[in-house]
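Student: Pasting a structure here, questions to come.
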Amino acid sequence: MKDASVAATHPTASRPTDRVVSIDVVRGIAIAGILLINITYFLNRAGQSGQPHGTDAVIWQIVDVIALGKFHFVFAFLFGTSVFIFLSLLRAKGRSTWCYVRRMLILIVAGAINSAMGGIDVLASYGCLALILLLLTLLPRSILLSLGIVAAIIPDGLHIVSTLTSAGSEVPGVLLLVLSFARTLGHMALGFWLAERGLFSEGTRVSVLWFFVITLVLSIPVWISTSAAGVGTQAAHEIAFRTAAIPGLMYIAGLILLLRLPSAQRGLSFLRFYGRMAFSNYLGQTVICVTILPLFVGAGKLSAVAALGFCFGVVVIQCVFSMLWLRWFRYGPLEWVWRCGTYLEITPLLVKRSSKSL
C-alpha cells in the first residue's frame with residue numbers, strides 16, 4: 001500500500017543524536033518507573049502482608065497518582081516507537097521481516113523466563129502484540145491511528161464502568177482481559193504513528209509544546225478525580241490506572257521539551273545508558289527483587305519510605321552498572337543475545353579501544 005512506505009520517507013527517530021538525548025533517556029525513566037509501580041507486588045511476594053495505613057497509605061496514593069499506569073503507557077508507547085525504528089532499519093538494510101518475527105519470539109521466551117523467576121512480566125505479551133502490530137502497519141495510517149485511539153480509550157472506559165458501577169457484573173471477564181491486551185496494543189500503535197511523524201526528531205511535524213500543554217490541562221481533572229476518590233481506595237487505584245494515558249503523553253512530551261535544553265541533556269545523560277540496557281535492567285530488577293528484597297522484609301515490615309529507598313538504590317546501582325558496562329561493550333548482555341538471535345549472527349560485542357568513551 002502507498003502508506004506502507006511512509007516509514008522510509010518521514011523524518012525518523014532513529015538518528016543517533018536524537019536517540020541519545022530523547023528515546024533512550026525516556027526509556028530509562030520508564031524502566032525506573034516500572035520498578036516503582038511493581039515494588040508493592042515484590043513486597044507482597046517477599047511476605048509483607050496487610051494494607052498500608054496512615055502515612056504509608058498517603059505515600060502509596062501519591063505513587064499511584066504519579067506513576068501507576070503512566071509508566072506502563074510510556075513503556076508500551078516507546079515499544080511502538082522501537083517497532084517503527086526497527087522496521088525502518090530493516091528496510092534500509094534490505095533485511096527480511098523474519099528478523100522482526102524472530103526478535104519478538106525471543107522476547108516471548110524471555111518473558112516466560114521472567115515470569116518463572118517470579119516477576120511481573122509484560123515482555124511475553126509485548127512480543128505477541130508486536131506481531132499483531134506488524135500486520136496493522138500495513139494499513140493506511142489514518143486507520144492505524146483510529147484503531148490506536150479506540151483501543152486506548154474503550155478498554156479503560158469499560159474497566160472503570162466494571163469496577164465503579166453495578167454494571168460491572170454485566171461485562172464478561174474474558175472480554176475485559178482481551179480489551180486489556182487491546183489497550184496495550186493501542187498504546188503501541190500510537191507510539192508507532194507518532195514516531196513515524198518524527199516525534200523524537202528535531203524535524204518533527206508534531207507540535208510538541210502544544211501536545212504538552214493540552215495533555216497537562218487534561219491531566220488536572222484526572223489528578224483531582226484520583227485524589228477525590230479517597231486515600232487507598234480501590235476507586236482511586238482504578239482511576240489512576242485507567243486514565244494514565246493522558247498524563248503518560250504529558251510525561252513524554254514534557255521530557256522531549258526538557259531534553260532540548262543542553263543543561264538537561266547533560267544532567268540526564270546518565271539515563272541514556274540505563275535506557276540502552278532496558279532489557280537487561282528490566283529482568284535484572286526481577287532478579288534483585290526476588291532474591292534480595294525478601295532479606296529486608298524478613299528483618300521487619302518495610303515502610304513506604306524504606307521501599308522507595310530500596311527502589312532508588314536499585315536504580316542507582318543499575319545506572320552505574322549500565323554506564324560501566326557500555327564503556328567496554330557495545331550492547332547490554334541481554335541486548336547482545338537478543339541481537340544475535342534476531343539476525344542469526346554473532347555481533348561483535350567489545351567496544352573498539354579508539355571509540356571507548358562515555
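The values are calculated or read from the model by the stated rules, or taken from the named source; none is laboratory data. Computed from a predicted structure; not experimentally measured. Don't worry about glycine lacking a Cβ; one is built from the backbone with ideal geometry, like all the others, and counts go over all protein chains shown. Surface areas here come from the heavy atoms of the whole protein model, side chains and all, with no ligands, DNA or RNA. Shrake-Rupley method; radii C 1.70, N 1.55, O 1.52, S 1.80 Å.
Student: With the other protein chains left in place, how much accessible area per residue, in square angstrom, belongs to the chain at a 1.4 angstrom probe?
Tutor: Working: 16510 Å² over 358 residues.
Each residue of the chain exposes 46 Å² on average to a 1.4 Å probe.
Student: Protein chains only, probe 1.4 Å: how do His237, His187, His53 rank by accessible area, largest first? Write out the running numbers ahead of the final one.
Tutor: Numbers: His237 75, His187 5, His53 140 Å².
Ranked list, largest accessible area first: His53, His237, His187.
Student: Could you give the Stokes-Einstein D for the stretch 234-327 in µm² per second, using the C-alpha Kirkwood radius, 20 °C, 1.002 mPa s? Intermediate results must be reported in sequence, preceding the final value.
Tutor: Numbers: Rh = 15.9 Å.
Taking Rh from Cα pairs, D becomes 135 µm²/s.
Student: Calculate one ³J(HN,Hα) per residue across the stretch 179-196 by plugging θ = phi - 60° into the Karplus curve 6.51 cos²θ - 1.76 cosθ + 1.60, and present them in order as whole Hz with x for glycine and proline.
Tutor: Running phi through 6.51 cos²θ - 1.76 cosθ + 1.60 with θ = phi - 60° gives 5, 5, 5, 4, 4, 5, 4, x, 4, 5, 4, 5, x, 5, 5, 6, 5, 5 Hz.
Student: Run the quick spin-label model on Phe270 and Ser180: label points 7 Å from Cα toward the beta carbon, then report their separation in nm to one decimal.
Tutor: Label-label distance for Phe270 and Ser180, simple model: 3.6 nm.
Student: Under a plain spin-label model, where a point goes 7 Å from the Cα along Cα-to-Cβ, how far apart in nm are Leu209 and Leu138?
Tutor: According to this spin-label approximation, the distance is 4.2 nm.
Student: Something else: Quickly estimate the mean residue ellipticity at 222 nm for the chain, helices only: each DSSP H run with n ≥ 4 gives -39500 (n - 2.57), and the total goes over all residues, rounded to 500. The partial results should precede the final answer.
Tutor: Values: 17 runs with 258 residues, N = 358.
That calculation yields -23500 deg cm²/dmol at 222 nm.
Student: Could you bin all the Cα-Cα distances of the stretch 186-252 into 10 Å bins starting at 0 and give me the percent of pairs in each, rounded to whole numbers?
Tutor: All Cα pairs, binned at 10 Å, distribute as 20, 41, 26, 12, 1 percent.
Student: Of Ile132, Ile23, Ile59, which has the most accessible area with a 1.4 Å probe, and how do the rest follow in descending order? The partial results should precede the final answer.
Tutor: Numbers: Ile132 80, Ile23 0, Ile59 35 Å².
Accessible-area ranking of Ile132, Ile23, Ile59, largest first: Ile132, Ile59, Ile23.
Student: Which cross-chain or sequence-distant (5 or more) residues have an amide H under 5 Å from the amide H of Phe329, H modelled 1.01 Å from N in plane?
Tutor: HN-HN under 5 Å from Phe329: Val351.
Student: Can you work out ³J(HN,Hα) from phi for every residue in the stretch 74-90, in order, using Karplus 6.51 cos²θ - 1.76 cosθ + 1.60 and θ = phi - 60°, giving whole Hz and x for Gly and Pro?
Tutor: After applying 6.51 cos²θ - 1.76 cosθ + 1.60, I find 4, 5, 5, 4, 5, 5, x, 4, 5, 4, 4, 4, 5, 5, 5, 5, 4 Hz.
Student: Continuing with this model, one more query. Find the centroid of the Cα atoms in the stretch 175-191 and in the stretch 25-84, then give the distance between the two in whole Å.
Tutor: 18 Å
Student: May I ask you to evaluate 6.51 cos²θ - 1.76 cosθ + 1.60, the Karplus curve with θ = phi - 60°, for each residue of the stretch 117-125 and list the ³J(HN,Hα) values in order in whole Hz, giving x for glycine and proline?
Tutor: For the stretch 117-125, the Karplus curve yields 6, x, x, 7, 10, 10, 5, 5, 5 Hz.
Student: Any idea which of Gly111, Ala92, Gln61 is furthest toward the positive side of the dipole for the stretch 54-132, if Lys and Arg beta-carbons carry +1 and Asp and Glu beta-carbons -1?
Tutor: Result: Ala92.
Student: Label-point separation (nm) for Thr347 and Trp328, each offset 7 Å from Cα along Cα-to-Cβ?
Tutor: 2.0 nm
Student: Taking 30 Å as R0, compute the FRET efficiency from the Cβ-Cβ separation of Arg260 and Trp223 and round it to 0.05.
Tutor: Details: r = 26 Å, r/R0 = 0.85.
Given R0 = 30 Å and the Cβ-Cβ separation, E is 0.70.
Student: A further question on this structure: Evaluate the charge dipole of the chain about its Cα centre and quote only its size in Debye, nearest 20, assuming +1 on the Cβ of each Lys and Arg and -1 on the Cβ of each Asp and Glu.
Tutor: Working: 27 positive and 13 negative charges, 298 e Å.
In total the dipole reaches around 1440 debye.
Student: In addition: Express in Å², to the nearest 10, the accessible area of Lys93 obtained by rolling a 1.4 Å probe over the protein heavy atoms while all chains stay in place.
Tutor: In the full protein context, Lys93 sits at about 110 Å².
Student: Given a 1.4 Å probe and the protein chains all in place, what does the accessible area of Arg91 round to, in Å² to the nearest 10?
Tutor: Arg91 has an accessible surface of roughly 110 Å² with all protein chains in place.
Student: Can you give the longest stretch of the chain with no exposed loop site, where a site means GluC sites (Glu not before Pro) in a DSSP loop (not H, G, I, E or B) with at most 12 other C-beta atoms within 10 Å? List each step's numbers first, then the result.
Tutor: On the way: sites that count: Glu202, Glu345.
Segment 1-201 is the longest.
Student: Can you give me the % of accessible surface on the chain that is carbon or sulfur? Probe 1.4 Å, all protein chains present, nothing else counted. The partial results should precede the final answer.
Tutor: Numbers: 11710 of 16510 Å².
In the chain, the share of accessible area belonging to carbon and sulfur is 71 percent.
Student: Divide the volume of the convex hull of the Cα atoms of the stretch 71-209 by its number of residues and quote the answer in cubic angstrom per residue.
Tutor: Cα-based convex hull of the stretch 71-209, divided per residue, equals 143 Å³.
Student: Return the single residue from Gly111, Gly47, Gly198 with maximal mean-square fluctuation; model: Gaussian network over the chain, springs between Cα atoms under 10 Å.
Tutor: Its mean-square fluctuation being the largest, the pick is Gly47.
Student: Using the Cβ atoms and a cut-off under 14 Å, what net charge is assigned to the surroundings of Leu293, where Lys and Arg are +1 and Asp and Glu are -1? All intermediate terms of the calculation are to be shown ahead of the outcome.
Tutor: On the way: positive: Arg45, Lys301; negative: none.
Residues close to Leu293 contribute a combined charge of +2.
Student: Among Gly300, Gly275, Leu257, whose Cα projects farthest towards the positive end of the dipole of the stretch 252-351, with charges put on the beta-carbon of Lys, Arg (+1) and Asp, Glu (-1)?
Tutor: Most positive-ward Cα: Leu257.
Student: Give me the Debye-computed log₁₀ of I(q)/I(0) at q = 0.07 Å⁻¹ for the chain, equal point scatterers on Cα only, no solvent, two decimals.
Tutor: Each listed q corresponds, in turn, to -0.30.
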